[in-house]
Every structure is written in C-alpha cells, then in structure tokens.
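Only the coordinates and a few stated rules stand behind these numbers; no lab work does. Small disclaimer: the values here were computed from a predicted structure and weren't measured. Positions of Cβ are backbone-derived with ideal geometry, glycine not excepted, and every protein chain shown enters the neighbour counts.
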Amino acid sequence: MVRFVLPSGRTFVNNFRLRVLKNCSDFEEGEILLLQKPLYWTSFDLVNKVKLAIRHHCGLNKLKVGHAGTLDPLATGLMIVCTGRATKKIDGFRDLDKEYTATIRFGQTTPSFDLESEVDAEYPTDHITKDLIEEKLQSFLGDQYQEPPLFSAKFVDGKRAYELARKNIEKTLAKVKVTFRVVELLDYRDDTAKIRVVCSKGTYIRAFARDLGIALGSGAHLQALVRSAIGEYRLEKALTIEELKFIVDNLKQNDNSFV
C-alpha cells in the first residue's frame, strides 16, 4: 500500500487500480479515480476538471475520461471517474448499489423535490414523530416502482424532462423499478430528518423524499444529499480535485514519486 502526505496534511492512500500509479502513461492504460464532487458542480464539471489536470500536467490531449454515474449539482460526495482503457469498465460501476445520506425537510414541497426550485406548498407536521418516520421507512424496503422527477435527465418525447419542467409543462414519467436495501433514520429534529439510504442504480433520492412526505401525510423535499459509497468504494478514500492536481503534478516532476 502506498501512502503520501498531501499539502492539507491528509494522508493519501493509493486509491487507484490494484497497482501503484507510477507515471502519466498509466492514465492511458486506464485508471479508476475516486473523487469528491463539490456542491454546485455538475458531474461533467468534475470530469472536465480531471481532463484539464491530466492534459495540462501530462500532455495527454486525447485522453478519454468518463464518469460512472451522475450526481445532481446540489448533491456532493463520491464519484468514480475512469480514464483511458478503464472507461470500458464504466457500465459495471453504474450497476453497483449506491449509499447516500439524505437531509429531508418535512412540511414543504418544491416542484423539483429539492432546493433547485422554490417552495410551492406547505403542509402540517405536528403529527410527525421519530417513531412514525421509522414505521413508514420500513414500507420502502425492497423493490419499489418509483416515478422519476420531472426535473431529471429522463427523455420525454425526444426531450430531456427538465427542459419541459422549466417551461412548466406537466408530464408524468413512467415508473421505474428500484430497490431499497437500507433506509435508516439517523436523526430527526425541527421537521428535518437525516436518513441513510442504500439503493439500486436508477433510484432518485429526490423522488424518495417526495414519496416519504406523502407516506407521512405531509409534504417533503430534499435539502442536501451526500453519496457516501458506490458498491465497495467509499467517500473516505476519495480525493478532492486539488489533491488530484497535486498528485499528477508530482508525476510530471518525478515518474517514480509513488514507487
């Protein structure tokens, strides 16, 4: 195992493929990068930052880079980014279960089911208790048919659903089969719950927030979302884009800096 102390003082443990990253050409052979997506960045923003870092420091202008599953701009957490020949493995990562920590506000709804849009309705919450939330969460376990949000990248009549949503065009999207492995209440106070969710690919946590609000006889929307795991890959081992730049810069200066 390779350890490296980053400028932040955090110890980096090699989190790429099961071999040591030695030089820039390894990115062409194929690397699997665990990265932290910041708030407000799109998934493509992160991919583009990775491309620019590697191209700038290594001169690999034609390097293929792709991600294995999007995160909304208002979500943070783990993304898997593949380079070079490893981009062929992307579909396999997309099929893995995901783990999230969701912060859900009860008593208010928004059209997007999150903070992308303004509150459009308010509902009573006096009857909501920790016990009631835990009871309703149990009904989500297992296979479910979930209606995706209209504010999503799903295609409707050849257009992205979010394009229709932003024009206030109402459409009902076809329900999709998803699976919830774990739904665990971590905290509840001031009409806001933190919930750990482990679910299958294709699950919209914003839609889960909507459905939980309905199940509780109220309304709800997602206030924050952190993806903490993709399969066996954990956020704790992920790099920031600044840390990746530092590591790649060291590769350029000394091909053996990680041996």
Reachable aspartates and glutamates from Lys201, criterion Cα separation under 20 angstrom, eight or more residues apart if same chain: Asp72, Asp91, Asp95, Asp97, Glu99, Asp114, Asp143, Glu147, Glu184, Asp211, Glu232
Compute the label zone of Glu147 within the stretch 97-138: residues whose backbone N is under 16 Å from the point 7 Å along Cα-to-Cβ. 109-114
Trypsin sites (Lys or Arg not before Pro) within the stretch 57-160: DSSP coil, no more than 13 neighbouring Cβ in 10 Å: Lys62
Spin-label pair Ala121/Asn61, simplified geometry with 7 Å Cα→Cβ offset, distance in nm: 5.5 nm
In Å, what Rg and Dmax follow from the Cα atoms of the stretch 85-137? 17.7, 55
